[in-house]
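Here, each number is a calculation from the coordinates, and none is a lab measurement. Note that the coordinates shown come from a computational prediction; the quantities given were computed from them, not determined experimentally. For neighbour counting, all protein chains shown are included, and Cβ atoms are generated from backbone atoms with ideal geometry for every residue, glycine included.
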Amino acid sequence: MALSQDDVAQIADYARIALTPSELEQMTTYMNEAVDLLEPITHYDLDGVEPTFHPIGDLSNVMGEDVVDDSVRALPIDVALHNAGSTHDRYFRVPSILGDSEEDF
Amino acid sequence: MASLDSLSAAQIAAGVAQGDFTATEVAQAALDAIDSREKDVQAFLQVSADLALEAAKRTDARRAAGEKLGPLAGVPVAFKDNMHLVGTRTTCASKMLANYDSVFTATCVQRLLDAGATPVGKTNMDEFAFGSTTESSAFHRTNNPWDTGRVPGGSSGGSAAAVAAGEATLALGSDTGGSIRQPASFCGVVGMKPTYGAVSRYGVVAFGSSLDQVGPFGRRVEDVALAMNALTAEGADPLDSTSQNCAVDFLEHLDDPVEGLTVGVVPQLMEAKGLSQEVRDALTAAVASLASQGARVVEVELPNIASAIAAYYVIAPCEAFSNLARFDGVRYGYQEPDCQTLAEQTSLSRAHGFGEEAKRRQMLGAYLLSSGVYEKYYYPAQQVRTLITQDYARAYQKCDVILLPSAPTTAWRFGDVSDPTQMYASDMFTISNNICGNGGISVPLGLATQSHMPVSAQLQGPAFSDRRLLRFARAIERGVDQGLGLGGGAPVAPDFAGRGGDL
């Protein structure tokens, strides 16, 4: 069943991508064409076939010693903050997550 | 007087080590070539002249101090702009990361620098590697050096074009569904996607985590083998848990004959709809060349490969949606100003930071991972992945490598393919290898008879048999040198050769 503009609007909301009305229309066309391309997947009888989530088999996680080693990976605070759009002292700065006034609580 | 256009990576490194020229002279020659050629090819998003000259100076100082130089001493290399290199931006050709300064250096980049390479810049790409022509770059297009009215392929189009135009001797790209092999084919250079896990991806911006692999471009198979040595010699990278220890000397058996080895051909693929006659003819000549060098040719079947595009366009968008969720405009990336709530800031930052194709792929992934749809497409796609992997395993019981096209056609003109789903189909010969994690390499065969554009053969092999792939690739190159195609490895595109680059 084809995806409607309403369906695509819901997906966009979930994906946190604000689409304009004309983008939504184009995206709906695209989504339906793309899903058609995936059709061969639905034609298989896959009973008893194990999925392959990772392409190279027989691998296991690489475990490290549980020791803090700041020298390798830890970013100094100024470096970590360097690319952020807004910062405040030692922090990333974000708008309110609960709304901009007390009535929103 | 020598020209960088005609020197291999090994010759440059040897020349620097012997004192025939300095690394600084090589760096200057490469920067001069970029200066005179770049306006016509536009392969770079950033030229790192300062970093190049500093690295070259360090190489020269090491030589002066009597220290042993690395195997890539003084070799000009370019990096796809999804790889972190401190001192450069890493933009992924996206407005989202237009001002993002690299905060650390990717392992693959560092290993080439540790081998003595000179970093000349960061190359253009499809935004976040979503595409097959480099046209989805948010900044500018890249032209194919063999015909600037044609696309260079993608997504690593800038890396392929930089090498084909003689702006760099080596370049790194990343390949999620063909993004090294297809642009290598379009631009007439050697491009290798090693086995999944062979090269560390630490510091490379993730697209499809079960598919992505970093690999080198060069104008000769030997240069690609040399780069593979530098990328893998130190073994598995503790900073990438998917990275494997596969350190072998990729140069060791490079020139061994292929006599007695077996090359598989898949009749179903050679008859595939969309495969142009000139590509089919070139492939037939490549098979004949291998046969004349003593390789056995057998037919093999890959019955489920017809579903590879469908499986890929389920798996890759889902992984992309998951990976690109990190771009919320808070810690880095474009941040929409004046938003009242975090949700609004996130939605608008992503809407205005990402380009069209990046939004499409994430939307598709978001849909496919939603309840009910996951069961219909995502889980079955991973089962079909098993079937495709089993097909290859059966085929490799009968042959050492499989020879097939890198792309169904040679490079097309800008504007000829614009429909996104039609574009997806152009990955039909490369994508299945990412699904299985196996290695593959694209090797130039010269110019095709009709379009007069570069045409290539692709070799695929079982996981962790990348050294044998290089040996077969070298055999094809020998065939080309003996008259199959242009000769002399893959030359710099004629419109660019000789413009700067003199030593």
Legend entry - Approximate spin-label separation B:V373-A:Y91, in nm, with each point projected 7 Å along Cα-to-Cβ: 3.6
Inset, instruction - Show the residues, 5+ positions off or on another chain, whose built amide H is closer than 5 Å to the amide H of B:G121. - result: B:S48, B:F79
Inset, instruction - Kindly put B:V248, B:V41, A:V94 in sequence by how many other C-beta atoms sit within 10 Å of each C-beta, fewest to most. - result: B:V248, A:V94, B:V41
Legend entry - For the stretch B:5-14, Karplus couplings with θ = phi - 60° (6.51, -1.76, 1.60), whole Hz, Gly/Pro x: 4, 10, 9, 7, 4, 5, 5, 5, 4, 5
Inset, instruction - Rounded to the nearest 500, what is the 222 nm mean residue ellipticity of chain B from helices alone, with -39500 (n - 2.57) per DSSP H run of 4+ residues and division by all residues? - result: -11000 deg cm²/dmol
Legend entry - Residue order, fewest to most surrounding Cβ atoms within 10 angstrom, among B:H84, B:H352: B:H352, B:H84
Inset, instruction - Could you tell me whether the protein assembly as shown comes out rounded, prolate or oblate from its Cα gyration tensor? Rule is a ≥ b ≥ c as square roots of the eigenvalues, rounded for a/c under 1.5, then prolate if a/b exceeds b/c, otherwise oblate. - result: oblate
Legend entry - Derived scalar couplings ³J(HN,Hα) [the stretch B:310-325; Karplus, 6.51 cos²θ - 1.76 cosθ + 1.60; whole Hz; x for Gly, Pro]: 5, 4, 5, 7, 8, 5, 5, x, 5, 5, 5, 4, 5, 5, 8, 5
Inset, instruction - With a ≥ b ≥ c taken as the square roots of the eigenvalues of the C-alpha gyration tensor of the stretch B:68-116, please select rounded if a/c is under 1.5 and otherwise prolate if a/b is larger than b/c or oblate if it is not? - result: prolate
Inset, instruction - Determine the gain in length on full extension of the stretch A:T29-A:V49; use 0.36 nm per residue of separation and subtract their C-alpha separation, reporting nm with one decimal. - result: 3.9 nm
Inset, instruction - At q = 0.08, 0.09, 0.11 Å⁻¹, work out log10 I(q)/I(0) for chain B with the Debye formula, treating every Cα as an identical point scatterer and leaving solvent out; two decimals please. - result: -0.43, -0.55, -0.84
Inset, instruction - Mind running the shape call on the stretch B:217-337? Use the C-alpha gyration tensor, a ≥ b ≥ c as the square roots of the eigenvalues: rounded below 1.5 for a/c, prolate if a/b tops b/c, oblate otherwise. - result: oblate
Legend entry - Proxy reagent accessibility, fewest Cβ within 10 Å first, across B:D481, B:D466, A:D6: A:D6, B:D481, B:D466
Legend entry - Under 20 Å from the Cα of B:K376 - aspartates and glutamates, other chains or at least 8 residues apart: A:D7, A:E33, A:D36, A:E39, A:D45, A:D47, A:E50, B:E319
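Which length gain, in nm to one decimal place, applies between B:V248 and B:K39 when the Cα-Cα distance is subtracted from 0.36 nm times their residue separation?
Here the segment from B:V248 to B:K39 would lengthen by 71.3 nm.
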Legend entry - B:R89 long-range amide H proximity, modeled H, under 5 Å: B:S102
Inset, instruction - Would you mind pulling out the separation of the Cα centroids of the stretch B:44-116 and the stretch B:377-404, in Å? - result: 37
